[in-house]
Amino acid sequence: MKNLKIAIQKSGRLNEKSVQLLKNCGLDFENYKSSLITRVNNFNLEILFLRDDDIPGYVAQGIADLGIVGENVIDETQVEVSYLQRLGFGKCTLKIAVSKDSNIEQLSDLNGKSIATSYPVILQDFLTSKGINANIQEISGSVEIAPGLGLSDAICDIVSTGGTLKSNGLKPFIDVKNSEAILIGRNGIAEDPTLCELLQRVQSVLRAKETKYVVLNVEKVNLPQITELLHGVKSPTVMPLAEDGWVAVHTVITEDDFWDKINKLKAAGAQGIVVMPIEKIIM
């Protein structure tokens, strides 16, 4: 069977988490950062290490079958690929930012102004949708310094924490687009059996990341209230304890849901609550 090729970022903010996701899927490979390609030892897959800007094009042309890349890069390159799975990491926002002392206070104030960005396509689409006519200055890298050098009135760039903006005397003005890492594929790959198996592995890892295994003790008389709160993947597992009249309840629950219900569980008589991570969930 022919090996599929998946392209991931060679270096940068998505590299480490892309590699970790593939390893969590049970794939055995060496992460040779000095090499452009490595073979997975226990799966029909080869990994290409590329610049993130090149990944959508390689996938669209069929040079790579799959890719992991930021949604912002896909939209900026405007190539035709299939979205296969949102991956939940690499989350960031493309924002317009202005100097802290700027007199730009509302969207219409951008009319006639100059905006520096590495994402001219996305920015132009946004401005057009808002009826704004601004001058877009395309800059490759170090966009944040443009207002301070007098090159622009504002910038449009990827923001994760906002620390870089603050250190350059900028403040967020308006969100343009949210982005996260996406697993993409070339057209026509959706039914490939190797891809189907890989997708199953990826989805099982993602489900496990969002959920916890919960074990708690409760008196039988209070069990209906507990099971009403904890539905689990199907339904909770209930096991008798050595102490008469008590049972242990085992279930799987999303972490957000657990924290929402923790006080209700305690009020319903739950004791000895243990929360454990899950490696994978196969549906």
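Out of curiosity, is A208 in contact with a Leu (Cβ under 8 Å, 6 or more places away or on another chain) and among the small types (G, A, S)?
Answer is no for this residue.
Could you please let me know if I253 is part of a loop (DSSP other than H, G, I, E, B), crowded, with 16+ Cβ neighbours inside 10 Å and of a type outside the set (D, E)?
No, not satisfied.
Sort out which residues of segment 110-131 are surrounded by 18 or more Cβ atoms within 10 Å (Cβ to Cβ) and of a type in the set (V, I, T), and write them in order of number.
I115, T117, I122 - these are the residues of segment 110-131 that are surrounded by 18 or more Cβ atoms within 10 Å (Cβ to Cβ) and of a type in the set (V, I, T).
If I filter segment 247-283 down to residues being over 29 Å from the mean Cα position of the chain (by Cα) and of a type in the set (S, T, N, Q), which single residue comes out as modelled with the highest pLDDT?
This residue is Q271.
Which one of I115, I96, I136, I104 is over 15 Å from K171 (Cα atoms), assigned by TED's automatic domain parsing to the domain that holds L151, in contact with a helix residue (DSSP H, G or I) (Cβ under 8 Å, 6 or more places away or on another chain) and β-branched (V, I, T)? So that I can check it myself, show each step before the final result.
Values: I115 fails: over 15 Å from K171 (Cα atoms); I96 fails: over 15 Å from K171 (Cα atoms); I104 fails: over 15 Å from K171 (Cα atoms).
After ruling out the rest, the residue left standing is I136.
Just checking: which of the helices (runs of 4 or more DSSP H) contained wholly in segment 7-110 hold 1 or more residues that are of a type in the set (S, T, N, Q), without any contact (Cβ under 8 Å) to a residue 12 or more places away in the chain and closer than 21 Å to R207 by Cα?
Counting at least 1 such residues, we get 15-24.
Against the conditions (1) more than 18 Å from N44 (Cα to Cα); (2) in contact (Cβ under 8 Å) with a residue 40 or more places away in the chain; (3) of a type outside the set (S, T, N, Q); (4) not in a strand (DSSP E or B), where does L198 fall short? Just the number, please.
In the conditions (1) more than 18 Å from N44 (Cα to Cα); (2) in contact (Cβ under 8 Å) with a residue 40 or more places away in the chain; (3) of a type outside the set (S, T, N, Q); (4) not in a strand (DSSP E or B), L198 misses (1) alone.
Matching residues to (1) at pLDDT below 85; (2) crowded, with 16+ Cβ neighbours inside 10 Å:
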{"position": "T194", "(1), (2)": "no, yes"}
{"position": "S204", "(1), (2)": "no, yes"}
{"position": "K209", "(1), (2)": "no, yes"}
{"position": "L216", "(1), (2)": "no, yes"}
{"position": "P224", "(1), (2)": "no, no"}
{"position": "K234", "(1), (2)": "yes, no"}
{"position": "A242", "(1), (2)": "no, no"}
{"position": "G245", "(1), (2)": "no, no"}
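The values are calculated or read from the model by the stated rules, or taken from the named source; none is laboratory data. Note that this is a predicted model, so its numbers are computed, not measured. So basically every Cβ, Gly included, is an ideal-geometry build from the backbone, and we count neighbours across all protein chains shown.
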